[in-house]
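The values are calculated or read from the model by the stated rules, or taken from the named source; none is laboratory data. Here the structure is a predicted model, which means the values were calculated and not measured. Every residue, glycine as well, gets a Cβ built from its backbone with ideal geometry; the counts of neighbours run over all protein chains shown.
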Amino acid sequence: MTMTDTPGSSSTVPHSEALAAMLLVLVCTALARVLGCSAYLSALMSVIVLATFFLFVELVLRKTYARPSSGLIYWNGVWRTRINWRRCFLKLLGLGVVLGLIASYYAIAPWYRDLEFQPYWDHLLLLGPLLAIVAVPYIVVVDAMMAEPEDSYSAMGRIVLLQWSGIDWRKQLNFLLGWAVKAFFLPIMVISTVSLFSLQMPSPRPDSVVRSAFVLMHYTYLLDVCFATVGYSMTLRILDSHIRSAHPFWWGWLVCLLCYPPVNQHLSWLLVGYSDGRQWYDWLANSPVLLTLWAGAIVFAAVVFAWATAVFGCRFSNLTNRGLITTGPYRYTKHPAYISKNLGFWLASMPFLSIEGSGAALMHCTALLSLNALYMLRALSEELHMSEDADYVAYAEWMNENGIFRWVSRVFPGFRYRSPGSPPQAADDVLGGRE
């Protein structure tokens with residue numbers, strides 16, 4: 001990628017696919033409302049329809065299994081002559097062990113016994129047997145299609161059988177971390193999807209502007225969690241949506257998990273509130289024009305946040321690399337989800353205003369800046385991880401010169417992306433003083 005190119009052609013998911021999928025979810029949501037479906041059925045229908053859409057588009061239309069990055073080279077029929085039943089047995093054994101470890105984690109962690117996780121267990125009871133049946137032919141077919149069929153699943157099976165010779169333990173750790181991501185985040189996304197379908201998101205005020213803003217935000221959040229649920233579910237090599245690498249830095253895991261329940265709930269006593277309870281619609285109630293503009297800005301931030309999730313298609317996932325995305329809001333800036341989300345925090349809470357005086361307002365702003373710093377650390381850790389991918393390095397360097405926030409790195413050189421191992425630039429070079 002050169003600095004005169006646009007980055008869209010390098011994206012793993014075409015923007016058109018993501019937009020069509022977003023429309024499909026909205027149609028499913030509207031249909032579920034019209035039919036009066038329960039929250040659980042509405043969530044299940046939306047997720048299954050979205051997953052089916054991606055299966056059709058990726059397999060039939062785009063043929064992503066034929067990409068070099070999928071690692072599949074015998075997809076043209078030759079795979080039938082390469083079936084290795086012993087290796088398939090090892091892979092099934094390895095998969096069974098991983099699922100057993102996840103089941104043990106669910107049994108030990110006390111929060112999964114809460115009633116709010118019941119929709120997740122209902123999903124597993126309904127879809128689990130079907131997925132278990134499909135897993136066997138899937139593993140057999142994909143194993144025969146792989147250029148390098150000795151993968152982490154077969155290695156896990158060998159570990160169980162105490163056949164440790166030649167095991168790449170670092171690779172196995174990364175493999176288990178990838179499954180840990182799925183085990184932790186998938187339940188959260190499933191229950192969030194069901195919760196949002198059950199919640200009508202009533203407006204805190206009767207104003208049409210505020211009510212409309214809340215309705216629109218409700219649907220953007222629905223889009224976000226539907227795509228996230230599908231993303232964590234569809235880590236499939238045959239779609240080239242498999243996990244290429246899991247996040248390798250412990251501190252990156254820490255700052256990420258601090259943003260999600262149940263971790264952030266158990267550490268809530270460490271956090272200082274960044275609002276005294278009054279929200280944007282309270283402060284702006286007597287200024288209809290400003291209220292409307294403010295509501296529009298909040299909705300815009302929410303739309304960008306959901307858009308930034310949707311453009312991943314079936315590849316959304318925290319703490320993993322599943323392919324580079326350079327379309328949608330990523331065409332204009334890195335980390336659009338974090339930027340829009342943190343902007344939304346400031347717009348919604350307005351911490352710089354307080355009925356308790358300027359001292360309280362300063363404390364609220366400081367608290368919110370601390371939360372913003374947490375997301376900055378997430379962005380930094382993700383860049384360090386993704387910089388293992390040469391395509392990401394090219395994309396990030398392109399953003400240095402073409403992103404909508406390129407001026408920030410020129411004013412504050414520390415925000416300029418530098419690939420790991422690159423020499424530090426002189427100040428006049430960073431600020432554009434050299435030709």
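A few comments on the model shown:
- Residues of segment 357-389 classified as touching a Pro at 6+ places or on another chain (Cβ under 7 Å) and of a type in the set (Gly, Ala, Ser), total: 2
- Selection within segment 37-73 - more than 20 Å from ARG244 (Cβ to Cβ) and not in a helix (DSSP H, G or I): CYS37, SER38
- Exactly one residue among ASN264, ASN286, ASN321 is among the polar types (S, T, N, Q), at pLDDT below 95 and either closer than 21 Å to TYR232 by Cβ or under 15 Å from the mean Cα position of the chain (by Cα) (or both), and that residue is ASN264.
- Matching residues, segment 319-342, being in contact with a Leu (Cβ under 9 Å, 6 or more places away or on another chain) and either among the hydrophobic types (A, V, I, L, M, F, W, C) or in a loop (DSSP other than H, G, I, E, B) (or both): LEU319
Each row is one residue, and each column tells you yes or no for (1) in a loop (DSSP other than H, G, I, E, B); (2) of a type in the set (Lys, Arg).
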residue: ILE167; (1), (2): yes, no
residue: LEU177; (1), (2): no, no
residue: LYS182; (1), (2): no, yes
residue: ILE191; (1), (2): no, no
residue: VAL194; (1), (2): no, no
residue: ARG211; (1), (2): no, yes
residue: TYR232; (1), (2): no, no
residue: LEU254; (1), (2): no, no
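- Tabulated pairs, segment 167-181, first touching a residue at least 12 places away in the same chain (Cβ under 8 Å), second surrounded by 15 or more Cβ atoms within 10 Å (Cβ to Cβ) and hydroxyl-bearing (Ser, Thr, Tyr), C-beta under 7 angstrom, 6+ apart or interchain: LYS171/SER152; GLN172/SER152; ASN174/SER245; PHE175/SER152; GLY178/THR320; VAL181/SER317; VAL181/THR320
Conditions tested, residue by residue: (1) at pLDDT below 95; (2) surrounded by fewer than 19 Cβ atoms within 10 Å (Cβ to Cβ).
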position	(1), (2)
GLY313	no, no
ILE325	no, no
ILE339	no, no
LEU380	no, yes
SER387	no, yes
ALA390	yes, yes
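- The residue pairs whose first member lies in segment 376-389 and is farther than 15 Å from SER317 by Cβ, whose second member is buried (at least 16 other Cβ atoms within 10 Å of the Cβ), and whose beta carbons are closer than 6 Å, counting only pairs six or more residues apart or on different chains, are LEU377/VAL255; ALA379/HIS335; ALA379/TYR338; SER387/VAL393.
- Test: residue in segment 222-233 that is more than 28 Å from ALA66 (Cβ to Cβ), more than 13 Å from the chain's Cα centre (by Cα) and crowded, with 21+ Cβ neighbours inside 10 Å: yes
Table: residues versus (1) modelled with pLDDT of 95 or more; (2) not β-branched (Val, Ile, Thr).
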| position | (1), (2) |
| --- | --- |
| VAL160 | yes, no |
| ASP168 | yes, yes |
| SER198 | no, yes |
| VAL209 | no, no |
| THR220 | yes, no |
| PHE227 | yes, yes |
| GLY231 | yes, yes |
| LEU236 | yes, yes |
| CYS256 | yes, yes |
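- Taken over segment 20-36, the criterion of being touching a residue at least 24 places away in the same chain (Cβ under 8 Å) and either farther than 10 Å from CYS226 by Cα or outside any helix (DSSP H, G or I) (or both) is satisfied by ALA20, ALA21, LEU24, LEU26, THR29, ALA32.
- Any hit, segment 199-207, residues being in contact with a His (Cβ under 6 Å, 6 or more places away or on another chain) and assigned to a helix (DSSP H, G or I): no
- On the stretch given as segment 119-145, residues that are surrounded by 13 or more Cβ atoms within 10 Å (Cβ to Cβ) and of a type outside the set (Val, Ile, Thr) total 12.
- Restricting segment 144-158 to residues that are assigned to a helix (DSSP H, G or I) and at pLDDT below 95 leaves a set whose member that is nearest to the chain's Cα centre (by Cα) is MET145.
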